[in-house]
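These notes are about the structure you will find just below.
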Amino acid sequence: MAWDDDAVLIFISQANPIIQAQRNVTKAYAKPDTVTWALQNTSLSGRLGFGGTDFRSDPYTAYGGLQISIPLSSIKEEREQALKVVAEAKEIDDLHAKVILDIAQLRQMEAELAASDVRRKFLKEKAAWLKQRIDEGFSSEMDQLWTIGSQLNEEDALSAKVGVLAKTQRYKLAKYAGGEWQALLAYLEGKTETLGGNDG
């Protein structure tokens, strides 16, 4: 199978809903830039007073303006943000460990399928050669043909079993990508050559 382990790991890291949620939490705790800080700490204020002033004889006085709150620098906020960054890194690391283990299992299954294909090809060629010899009159080799036929059936059964397990493993691996699982599954099955716009 022509898929790249790194491309799968990167795609899952970007598409996994748990990692996305963790990144959103980390982003919410990040220190804001100057403009965002000004918007968060500035408010409009207005008041209406009764009784007028010495300068005007109106019965009501309106006041308006901007009020800027300047929070004191807090170590607690920095600690909370640092803890969120650590939690995000741990979540990513845990996910990568699971994904790498599942990739290794899928690669093992694909290797077993490739080896089985080689064995099956050999057995078919040997069976064809023995059949030709039997057709030429060497009937003593009939038992060998039956033995090879039995080995070929066992190899076909093993290949079918590993094929089903590999299909399930691809699906399991694809589900790490959350809503993007179908794109990842198509890539793992070899139906697409790229993953997320990058060469896979």
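The values are calculated or read from the model by the stated rules, or taken from the named source; none is laboratory data. Computed from a prediction, not measured in an experiment: that's the story for all the values here. With ideal geometry, Cβ positions are generated from the backbone for all residues, glycine too; neighbour counts draw on all protein chains shown. All accessible areas refer to the heavy atoms of the entire protein, side chains included, with ligands and DNA or RNA removed. Shrake-Rupley method; radii C 1.70, N 1.55, O 1.52, S 1.80 Å.
One table, with the values for the structure above:
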quantity: Given (1) out of contact with any helix residue (DSSP H, G or I) (no Cβ under 7 Å at 6 or more places or on another chain); (2) surrounded by 15 or more Cβ atoms within 10 Å (Cβ to Cβ), number of the condition A97 does not satisfy; calculated: (2)
quantity: Subset of segment 16-36 that is of a type in the set (S, T, N, Q) and open to solvent by 90 Å² or more (accessible area, probe 1.4 Å) - its residue that is modelled with the lowest pLDDT; calculated: T34
quantity: Selected residue (criterion: farthest from V8 (Cα to Cα)) from residues of segment 121-171 that are touching an Asp or Glu at 6+ places or on another chain (Cβ under 7 Å) and among the aliphatic types (A, V, I, L, M); calculated: I134
quantity: Any chance V118 is under 28 Å from L95 (Cα atoms), open to solvent by 80 Å² or more (accessible area, probe 1.4 Å), not hydroxyl-bearing (S, T, Y) and not in a loop (DSSP other than H, G, I, E, B); calculated: no
quantity: Residue ID - farthest from H96 (Cα to Cα), chosen from residues in segment 153-180 that are open to solvent by 30 Å² or more (accessible area, probe 1.4 Å) and touching a residue at least 24 places away in the same chain (Cβ under 8 Å); calculated: D156
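Per-residue answers, yes or no, for (1) of a type in the set (D, E); (2) open to solvent by 60 Å² or more (accessible area, probe 1.4 Å); (3) within 24 Å of K161 (Cβ to Cβ):
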position	(1), (2), (3)
V85	no, yes, no
E91	yes, yes, no
E112	yes, yes, yes
E125	yes, yes, yes
K131	no, yes, no
E136	yes, yes, no
